[in-house]
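Here the structure is laid out as structure tokens; the discussion comes afterwards.
The values are calculated or read from the model by the stated rules, or taken from the named source; none is laboratory data. Owing to the predicted nature of the structure, the values given are computational and were not obtained by experimental measurement. All Cβ positions, glycine included, derive from the backbone under ideal geometry; neighbour counts span all protein chains shown.
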Amino acid sequence: MTTRKIVILGNNTLRKVSKPVVKFDDELGVLLDEMKATMIEKKGVGISAVQVGVLRRAIVIDLGKDEFLEIINPEIVKTKGKVKDSEGCLSIPGFYCDVPRPRYVKISAFDRHGKPFEFEAEDYIARCVCHEIDHLNGVLFVDYTDEGKEYKKRMGVE
């Protein structure tokens with residue numbers, strides 16, 4: 001399977017808001033398959049289309065045991081609780097910091113064929129989903145903490 005190049009911190013693309021997917025076609029399927037292959041190759045647990053340079057609201061999450069969740073045009077319907085834990089990102093290699101996230105999320109989205117669905121996630125998967133949805137809105141995990149903001153300064157990026 002073909003992989004794509006990861007967009008790295010400092011590239012303006014990461015700060016842009018992704019547009020909704022309107023065509024649920026073979027091209028979307030190829031994008032999702034290539035995102036998954038890229039995420040696996042880079043040993044990630046989640047990836048958004050913007051991280052491979054495509055400004056569309058598409059996400060792939062590795063649920064483990066060779067199971068993957070594809071989320072198109074996600075909307076957070078409900079959140080509960082708060083937990084702070086370590087995060088990293090394929091677009092910010094080698095940097096990790098503790099970020100506050102909801103402990104629970106309920107998401108409304110579409111699958112690759114345009115069929116609507118809802119799902120609930122807790123703890124680690126909730127964190128991954130929120131992290132990737134942030135990407136779709138031009139937000140990075142380093143924006144949430146002083147440590148992350150200092151890292152951006154050291155790297156000379158915003």
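Residues in segment 3-11 include none that are more than 17 Å from F141 (Cβ to Cβ) and without any contact (Cβ under 8 Å) to a residue 24 or more places away in the chain.
Selection of segment 113-158 for residues being at pLDDT 95 or above and β-branched (V, I, T) yields I125, V129, I133, V139, V142. For first residues located in segment 73-92 and at negative phi and of a type in the set (V, I, T), partners that are at pLDDT below 95 and assigned to a strand (DSSP E or B) and lie 6+ apart or on another chain with Cβ distances below 6 Å do not occur. Of all residues in segment 126-154, count the ones that are free of Cβ contacts under 8 Å to residues at least 60 places away in the same chain and either touching a helix residue (DSSP H, G or I) at 6+ places or on another chain (Cβ under 7 Å) or not in a loop (DSSP other than H, G, I, E, B) (or both). Within segment 126-154, residues that are free of Cβ contacts under 8 Å to residues at least 60 places away in the same chain and either touching a helix residue (DSSP H, G or I) at 6+ places or on another chain (Cβ under 7 Å) or not in a loop (DSSP other than H, G, I, E, B) (or both) number 14.
The single condition from (1) over 16 Å from the mean Cα position of the chain (by Cα); (2) without any contact (Cβ under 8 Å) to a residue 60 or more places away in the chain that V157 fails is (2). Of all the residues in segment 46-55, those that are surrounded by fewer than 18 Cβ atoms within 10 Å (Cβ to Cβ) and touching a Cys at 6+ places or on another chain (Cβ under 8 Å) number 0. Screening D123 with (1) at negative phi; (2) in contact with a Phe, Trp or Tyr (Cβ under 9 Å, 6 or more places away or on another chain); (3) of a type outside the set (G, A, S); (4) touching a residue at least 40 places away in the same chain (Cβ under 8 Å) gives one miss only, at (1). Of the residues making up segment 50-103, those that are more than 13 Å from V129 (Cα to Cα) and aliphatic (A, V, I, L, M) are V50, V52, V54, L55, V83, L90, I92, V99.
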